[in-house]
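These notes are about the structure you will find just below.
The values are calculated or read from the model by the stated rules, or taken from the named source; none is laboratory data. Values in this document were obtained by computation on a predicted structure and should not be read as measured data. Reconstructed Cβ throughout: ideal geometry from the backbone, glycine too, with neighbour counts over all protein chains shown. The area values use the complete protein model at the heavy-atom level, side chains included, leaving out ligands, DNA and RNA. Shrake-Rupley method; radii C 1.70, N 1.55, O 1.52, S 1.80 Å.
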Amino acid sequence: MRNDDEAVWGHVEAKRAEAIALSDRVWGMPELAYAEHRSAAEHTAFLRAEGFRVTENLADIPTAMMGEAGEGGPVIAILGEFDALPGLSNEAGVAEHRPIPGDGNGHGCGHNLFGAASLLAATAVKGWLAENGIAGRVRYYGCPAEEGGAAKGFMARAGCFDDVDLAITWHPSSHCAVDPAISLANTRIDFTFHGRASHAAASPHLGRSALDAAELMSVGVQYLREHIPSDSRIHHAYLDVGGVAPNVVQARAKVRYLIRSADLDGLRRLVERVRRIADGAALMTETRVETQVISAVSNRLGNRPLERAMQDQWERLGPPAWDEADIAKAQEFQATLGEEDITTSFRRVGLPPNGAALCDRIPPLDARGVPMVGSTDVGDVSWKVPTVQARGATYAIGTPGHSWQLTAQGKLPAAHKGLVQVAKVMAGVAADAIRRPELVEAAKAEHRERTGGRPYVSPLPEGAKPPIGMSRAV
Ligand SMILES: [Zn+2]
């Protein structure tokens, strides 16, 4: 088995330059959710050049694609992403907030590395299967719009993972570790209030304010917060405040709510309560409210057998071999952060702070971390098939997610080393599963137990379509 690991890691090394170049190109063309046309084309071209069998337009999403290689055996999916974020552009490599003139988009979540490392892992497994004549199939799934678009939920609902045996993924991080499966179910819902316009001074009694309704809804939700489970979250953003004229009673207002809960049942209950508050706000203001579910994701299920297999890879590989220049650069970025950013980052993975600027230890599998409470559309895949996720260190410890500091570190040598290391871990887990059918069986048995044998039910409302135009809308 040890020899198999080294063999598959060797295939990662053999393709590292191409994957790093891909990551750097995608960094340079930051595209938002569902608008990742050039980035997706780069991934598709890479798959074709490496001889994968490519399927495009998965789940009717123009920027979702899958490449498969190998014959027979188990089907291992490796998931990648490549979408960027608005307002997070920054010059590469400088520990200073220097936005690049232009559209302002930036890879502030490191998805340029994310897609490239997953593709590198799949390419390595392909090479290893072919070289050894082993039965097994590896697939790279290019998954768009993780940032708010939840494409994997639509892909899961469309059956894209139906014949997959297990799925492997990762996310850029401060640390190298197995990512504990704590993520919240969430949904985004737009509430649009319709009132009646009127001259705010001459005939205020004839107007019915949609903006008042939206504001009253906010007040109602503030009071609700005291009475919800402590792991639930409710956030909102105004999409339309009804214009800029204070002397016109606002006839229309639109607010987007993002509601998170530990699981789907909890989410359903909480959404119902928020909806009642919206109804109450409409009642109070004599307006009408219309709702539209924009996206929804499931909580993520863990899988112990796969987590143990991944931990085994990390322990054998260790963190990337940083050099002094990597560490000096990471220290420059840490100087732009607060002490709390750094200690929080250690606490998340259950390690005591030790002054390291870049990850220098693999936390034990059962380290009692304080995981970040967020949501991911990997949740939906994890309800379909056994799924395991790594954290791969690609930046200075303490760098906040969705920050200019993260964008700025996306092309550094340290980021490249992190990309290669986590690709080895994912390829190693895939090869392990292909060689040991008992691992796949154990993963499936636990998956049946965790889902209680219930089939996956998409949290998306019937008829909901991928919000392909979402990055143009607001
Ligand atoms: Zn991300």
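Within the accessible area of the chain, what % is carbon and sulfur when the probe is 1.4 Å and the other protein chains stay in place? With neighbouring chains kept in place, the figure for the chain is 51 percent. In percent, rounded to a whole number, the relative contact order of the chain is 24, using alpha-carbon pairs under 8 Å and six or more apart. With R₀ fixed at 41 Å, the C-beta to C-beta distance from residue 190 to residue 327 puts the FRET efficiency at about 0.35.
Placing pseudo-labels 7 Å out from each Cα toward the beta carbon at residue 60 and residue 21 gives an inter-label distance of 3.8 nm.
I need the fraction of alpha carbon pairs in the chain separated by more than 30 Å, rounded to a whole percent. Result for the distance tail: 47 percent. The H on the amide N of residue 376, modeled in the peptide plane, is under 5 Å from the matching H of 184, each at least 5 residues off or on a different chain. For the range 115-123, putting each phi into the Karplus relation 6.51 cos²θ - 1.76 cosθ + 1.60 with θ = phi - 60° gives couplings of x, 5, 5, 5, 5, 5, 4, 5, 5 Hz, in residue order, rounded to whole numbers and with x for Gly and Pro.
Computed from the C-beta positions of residue 41 and residue 402 and an R0 of 35 Å, the FRET efficiency is 0.90 to the nearest 0.05. The loop-placed trypsin sites (Lys or Arg not before Pro) in the range 184-251, going by DSSP, include none that has at most 15 neighbouring Cβ atoms within 10 Å of its Cβ. Among the trypsin sites (Lys or Arg not before Pro) found in the range 312-418, those both in a DSSP coil and sparsely packed, with 11 or fewer other Cβ atoms within 10 Å of their Cβ, are 368.
Contact order for the range 347-423, expressed relative to its length and based on alpha carbon pairs under 8 Å spaced 6+ residues apart, stands at 29 percent. Less than 5 angstrom separates the built amide H of residue 33 from those of 84, all sequence-distant by 5 or more or on a different chain. Near residue 170, the amide H atoms lying under 5 Å from its own belong to 390; only residues 5 or more places off or on other chains count, and H is placed 1.01 Å from N. Across the range 163-319, the mean sequence separation of Cα contacts (distance under 8 Å, 6 or more residues apart), normalised by length, yields a relative contact order of 37 percent.
Looking at the chain, the DSSP beta bridges with both ends there are about 70 percent antiparallel.
Heavy-atom accessible surface of the chain, averaged per residue, reaches 40 Å², computed with a 1.4 Å probe. If you average the alpha carbon positions of the range 279-314 and of the range 403-425, how far apart do those two centres end up, in angstrom? If you average the Cα positions of each part, the centres end up 28 Å apart. Of interest is the spacing of the C-alpha centroids, which for the range 126-170 and the range 24-68 amounts to 13 Å.
Taking one quarter of the surface of the convex hull spanned by the alpha-carbon atoms of the range 315-474 gives a direction-averaged projected area of 12.8 nm².
The slack in the chain from residue 49 to residue 436, taken as 0.36 nm per residue of separation less the alpha-carbon distance, amounts to 136.4 nm. Scalar couplings 3J(HN,Hα) for the range 104-110, obtained by applying the Karplus form with A = 6.51, B = -1.76, C = 1.60 to θ = phi - 60°, are x, 6, x, 7, x, 10, x Hz; x denotes Gly and Pro. Using a simple spin-label model with pseudo-atoms 7 Å out from Cα toward Cβ, residue 465 and residue 235 lie 2.8 nm apart. For the range 381-425, the residues whose backbone nitrogen is under 19 Å from a point 7 Å from the Cα of residue 158, taken along Cα to Cβ, are 381-385. Couplings 3J(HN,Hα) for the range 269-282, derived from phi with the Karplus relation 6.51 cos²θ - 1.76 cosθ + 1.60 (θ = phi - 60°), are 5, 5, 4, 4, 5, 5, 4, 5, 5, 4, 4, x, 5, 5 Hz, where x marks Gly and Pro. For the range 372-397 and the range 73-100, what is the separation of their C-alpha centers, rounded to whole Å? Each part's Cα centre sits 15 Å from the other's. Once you charge only the Cβ atoms, +1 for Lys and Arg and -1 for Asp and Glu, what is the size of the charge dipole of the chain about its Cα centre, to the nearest 20 debye? The dipole magnitude comes to about 1020 debye.
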